[in-house]
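Input: a single structure, listed below in structure tokens.
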Amino acid sequence: MLKRTMHVAMLAAVGALAMPTLAHATLITTTTNNFNLTRSVNDTLGANKNASDGATSQSNVNLGTTTLGQFNSATGVLTGVNVGLASTYKQSTNVSSAGTSAGSNMGNANAIGTGSSAIKLTVPTNVSGATANLSASDSCAGKPKDACNNGATSTTLNHNATVGSANLNDYVGGGTVGVTHTATSLSADTTLNSYNSQATTASTLDWFGSLTASYSYLEHASQSFDPWGNTVMNLNFGSVYQGDAVADLVFFIHNLAGDRVGLTMTGISESGDSSNRFTTNVANFGTLAAGASTNYGASFLTDMIGSFGAIYEFTFADAAPDGAFATSTLGSGYKLTLNLSGSVVERPADPAEVPEPASLLLLGLGAAAMGLRRKRKA
């Protein structure tokens with residue numbers, strides 16, 4: 001709060017400069033982690049059966065979690081998150097039957113089976129992740145005394161998921177975010193076995209690739225008294241005579257250039273000026289765009305003799321950017337310190353008003369002569 005109004009009318013308008021909203025590029029930082037996941041289920045069918053006795057299935061199996069590093073709020077203000085998947089999903093179905101001594105070289109036997117699976121990716125929070133499903137069949141044929149083994153299929157699975165604005169804060173911190181891989185179903189079914197031994201159908205899913213979190217952000221605001229980042233300024237009005245009018249000193253507040261959010265002033269405090277010698281016209285403002293500046297003035301009252309000083313501390317914070325952003329990444333408590341000083345001395349006497357030594361001597365002689373005349377008359 002100002003202690004009194006600036007005494008120069010010009011300074012009332014000095015800080016009223018336009019503060020343009022400048023467009024800046026969004027910066028990107030990424031974190032990546034690889035994964036390699038597998039899961040199998042087996043189904044068996046007894047010797048010499050021509051129909052399935054039921055599939056073996058599993059559902060909603062947690063295959064694992066891939067962790068991604070969170071966004072460090074010291075980097076800037078988070079404005080968006082995209083989780084990208086680049087992977088291969090493979091479904092293998094393998095039918096086999098062991099050879100037995102009861103087998104013969106006469107004629108062929110065969111076994112048939114099918115395998116299927118479905119997978120999904122769960123991206124926190126409330127984000128629709130990737131899903132896919134595959135199925136494959138396999139069969140083998142040979143002499144009853146021989147074993148058989150065959151079969152596989154695969155597909156590429158890529159996906160990009162955008163995190164909603166309400167959940168951006170979940171991706172901020174010094175830890176990790178977990179992306180869950182799930183087999184929503186995994187099934188194996190042996191449908192035919194004419195071998196003299198048990199036949200087995202193995203259904204296996206393999207899922208491997210990488211996950212990347214891309215964090216979009218803007219740098220924090222950066223307060224300064226100049227374009228080079230100085231946060232302390234000393235202004236000295238010098239030594240002046242009592243009662244003289246002193247020119248006001250102008251200073252600037254900058255939000256440094258760059259791909260950063262706006263700067264907002266949140267507080268002004270003053271100390272050290274118990275006699276109220278100094279004044280500034282600084283007032284809290286809304287948003288100072290990156291690369292912009294505004295100027296202010298400081299004044300010095302000279303009606304009291306002495307040496308004086310004042311310390312002004314201005315406090316700032318990040319201005320919320322347009323659109324989505326993580327509230328937990330907005331910075332605050334940025335400081336600028338302005339030191340004001342000056343001294344007032346007594347004005348020396350006007351030389352025209354001080355008698356010269358010769359004039360004083362003449363006056364003295366004149367006074368003495370007048371005294372002698374009075375004595376003679378007496």
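Could you tally the net charge around residue 181, taking each other residue with its Cβ under 15 Å from the Cβ of residue 181, Lys/Arg +1 and Asp/Glu -1? Once all neighbours under 15 Å are counted, the net charge is +2. For segment 184-234 versus segment 49-79, the inter-centroid distance based on Cα atoms is 9 Å.
Here the extension length gained between residue 303 and residue 36 equals 88.1 nm, from 0.36 nm per residue of separation less the Cα-Cα distance. Each peptide in 289-298, 121-130 receives the mean, over its residues, of other Cβ atoms within 10 Å, and ordering these scores from highest gives 289-298, 121-130.
Report the relative contact order of segment 211-291, percent, no decimals, based on alpha-carbon pairs under 8 angstrom and at least 6 residues apart. If you can, show how the numbers build up before the last one.
Numbers: 94 pairs, mean separation 27.4, N = 81.
Averaging sequence separation for qualifying contacts and normalising by length gives 34 percent for segment 211-291.
Can you tell me how segment 160-216 classifies by the Cα gyration tensor, rounded, prolate or oblate, using a/c under 1.5 as the rounded cut? Let's see the in-between values first.
Working: a/c = 4.70, a/b = 4.10, b/c = 1.15.
The shape class here is prolate.
Between rounded, prolate and oblate, where does segment 222-299 land on the alpha carbon gyration tensor, with a ≥ b ≥ c its root eigenvalues, rounded for a/c under 1.5, else prolate if a/b exceeds b/c? It is prolate, given that a/c is not under 1.5 and a/b is the larger ratio.
Where Lys and Arg each count +1 and Asp and Glu each count -1, what net charge lies around residue 76 among other residues with Cβ under 14 Å from its Cβ? Each step should come with its number before you reach the end.
Values: positive: 260; negative: 219, 259, 318.
Local charge sum for residue 76: -2.
Between residue 56 and residue 133, the C-beta separation translates, for a Förster distance of 22 Å, into a calculated FRET efficiency of about 0.80.
We did not get these values from a lab; they are worked out from the coordinates using the rules stated. Just so we're clear, the structure is a prediction, and the values are computed from it rather than from any experiment. All Cβ positions, even for glycine, are placed from backbone atoms using ideal geometry, and neighbour counts span all protein chains on display.
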